[in-house]
Amino acid sequence: MNLDPAPPAPAGRTRRTVLVSLAILGLACVACVACVAFAVRRPLLMSAPTCLAGQWHGCLDTENGVLFMMLAALPLPALVAWALACRRRAAGSTSAWRTSLAEVGMVYGTVPMVWLTLMPGPGAGIVPGRLSLIPLRDLPTMGPIGIGGNLLIFAALGFFAPMRFAALASVPRILALGAGCSALVEIAQYVFWLDRVSSVDDVLVNAAGAALAGLASRHWWRTAAEVRPDQPRPAPTSVR
């Protein structure tokens, strides 16, 4: 009986598979963004004149303005990802597109969301920080929109980080990453008196969103074998 492992797929076929997978992933992301933009088109368009006029007040200090700028500026991260991928391909990288998309995606998809959570309230600098440390007490008061928003805060980080860093390619580590980043945000809200409630439920939901997004990208996670492709592989054994 021959138990020799099957020969590896040709490099060209693997590259085509990765590119097709990334294309499908990109189209799915565009479709999701388009659906979200259509659903909230009215409040976003209300902020459009102020944002297009380059005014800070009424644009980047409002939720609608930040989301409008995030959607309107999508061609810029796409161009950055393309430039990084071309540079890596010229250097001989075998995962140029995946690495570049992961780097740009986790930054562009996370920074605006964190900006929203750190946006000061009307009593910022006056009202002391408030804590809510009892788990699941604030969850019923969030509502569907609040829960959905909290799930998205670190979703891009959970989705793309394990694609870029092999050390994060596990659900517990993604969960810990999301929880740690969320805890830092909640601590900042409390320390800087941003007139927001620092809640443990926010940390739980943020971490859950990162883990769920990580599960969605599991097919593209970067493995330790891809980090050191030049290491010699052990010779296959056979049993006859």
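The values are calculated or read from the model by the stated rules, or taken from the named source; none is laboratory data. Since the model is a prediction, treat every value here as computed from it, not as a measurement. Neighbour counts are summed over all protein chains in view; Cβ atoms, including those assigned to glycine, are modelled from backbone coordinates with ideal geometry.
Yes or no: Ala48 free of Cβ contacts under 8 Å to residues at least 12 places away in the same chain, touching a helix residue (DSSP H, G or I) at 6+ places or on another chain (Cβ under 9 Å), not charged (D, E, K, R) and not assigned by TED's automatic domain parsing to the domain that holds Leu118?
Values: free of Cβ contacts under 8 Å to residues at least 12 places away in the same chain: no; touching a helix residue (DSSP H, G or I) at 6+ places or on another chain (Cβ under 9 Å): yes; not charged (D, E, K, R): yes; not assigned by TED's automatic domain parsing to the domain that holds Leu118: yes.
Against the criterion (free of Cβ contacts under 8 Å to residues at least 12 places away in the same chain, touching a helix residue (DSSP H, G or I) at 6+ places or on another chain (Cβ under 9 Å), not charged (D, E, K, R) and not assigned by TED's automatic domain parsing to the domain that holds Leu118), Ala48 does not qualify.
How about region 11-79: which helices (runs of 4 or more DSSP H) wholly inside it have at least 3 residues that are at pLDDT 80 or above? I'd like the intermediate steps shown before the answer.
Numbers: elements: 11-39, 41-52, 63-72.
Fully inside region 11-79 and qualifying: 41-52, 63-72.
Go through region 80-116 residue by residue and tally those that are outside any helix (DSSP H, G or I) and buried (at least 17 other Cβ atoms within 10 Å of the Cβ).
3
Being assigned by TED's automatic domain parsing to the domain that holds Ala216, modelled with pLDDT of 95 or more and not hydrophobic (A, V, I, L, M, F, W, C) holds for only one residue in Arg164, Arg137, Arg130, Arg173, and it is Arg173.
Rundown of residues vs (1) of a type in the set (S, T, N, Q); (2) over 26 Å from Asp61 (Cα atoms); (3) touching a Lys or Arg at 6+ places or on another chain (Cβ under 7 Å), yes/no style:
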| residue | (1), (2), (3) |
| --- | --- |
| Gly121 | no, no, yes |
| Ile153 | no, no, no |
| Leu157 | no, no, no |
| Ala169 | no, yes, yes |
| Gly178 | no, no, no |
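As a summary of the residue check, Gly121 satisfies the conditions (1) within 22 Å of Trp193 (Cβ to Cβ); (2) under 15 Å from the mean Cα position of the chain (by Cα); (3) not polar (S, T, N, Q) except for the one numbered (2). If we scan region 89-103, do we find a residue that is in contact with a Lys or Arg (Cβ under 7 Å, 6 or more places away or on another chain), outside the structural domain of Leu177 (by TED's automatic domain parsing) and closer than 19 Å to Phe154 by Cβ? Yes, some residue in region 89-103 is in contact with a Lys or Arg (Cβ under 7 Å, 6 or more places away or on another chain), outside the structural domain of Leu177 (by TED's automatic domain parsing) and closer than 19 Å to Phe154 by Cβ.
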